[in-house]
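The values are calculated or read from the model by the stated rules, or taken from the named source; none is laboratory data. Being a predicted model, the structure only gives us computed values, none of them experimental. When we count neighbours, we look across all protein chains shown, and the Cβ atoms used for this are built from the backbone with ideal geometry, even at glycine. Surface areas here come from the heavy atoms of the whole protein model, side chains and all, with no ligands, DNA or RNA. Shrake-Rupley method; radii C 1.70, N 1.55, O 1.52, S 1.80 Å.
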Amino acid sequence: MISYIVDLPTWPIIRTLGIASYVMLTLGICLGILYSFPQWSRESKADIYKLHSFLTISGTVVGLLHGVFTVIDTYMPFSWRELLVPFTARNHPVLNGLGILAAYGMLIVILTTDLRNKLKKKLWFLIHLSSYPIFVMAFIHGYFLGTDTQLPVIRLGYIVTAATVLLLTIARAFIRRFSPKKSKAQTASRSRSA
């Protein structure tokens, strides 16, 4: 069994899992931003939320696997300490550290979302907003450390995903700023009629 694990093509697996995790997390954050747009129906919002949660959790799990495979890699193996303690890796400690912090950050966001009803709304929202710096850390980790970033299509993918998150964030801020505010009475009467 051990020889089977050691003989796995770990380097391609690590790279594939890293890119897959980044793509899923990007789609998850984009759906999280789109969820807050006011034009969605209640059913559409429910579907968006389910897909947002699925992609975010799946992206985090795939990202954790990406990290775990570095421990059994024979090309550039990591120790458990290097994997679990940010900025302790022998190779590229800052870039690897950002990846580790992004993983811990995603675990916190997911855990606090599960505990959302037990937290104050403002606290939960502040923790959830940490998805933005987590995304930036994941971007920096992947873009500058990923060996596949040398490929133009991968480099372009990173740039397009970052631009998409930025543009959706700007659009959300614009919509919130210029959309008419609902009074508490309007919101209460809407929820009673629904």
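Values computed for the structure shown
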| item | result |
| --- | --- |
| Count of residues meeting criterion [over 18 Å from Cys30 (Cα atoms), hydroxyl-bearing (Ser, Thr, Tyr) and touching a residue at least 12 places away in the same chain (Cβ under 8 Å)] in segment 120-175 | 2 |
| Top-ranked residue of segment 147-177 - restricted to ones that are of a type in the set (Gly, Ala, Ser) and out of contact with any helix residue (DSSP H, G or I) (no Cβ under 6 Å at 6 or more places or on another chain), ranked as most open to solvent (accessible area, probe 1.4 Å) | Ala173 |
| Qualifying residue in segment 43-57 (condition: over 14 Å from the mean Cα position of the chain (by Cα) and over 25 Å from Thr161 (Cα atoms)) | yes |
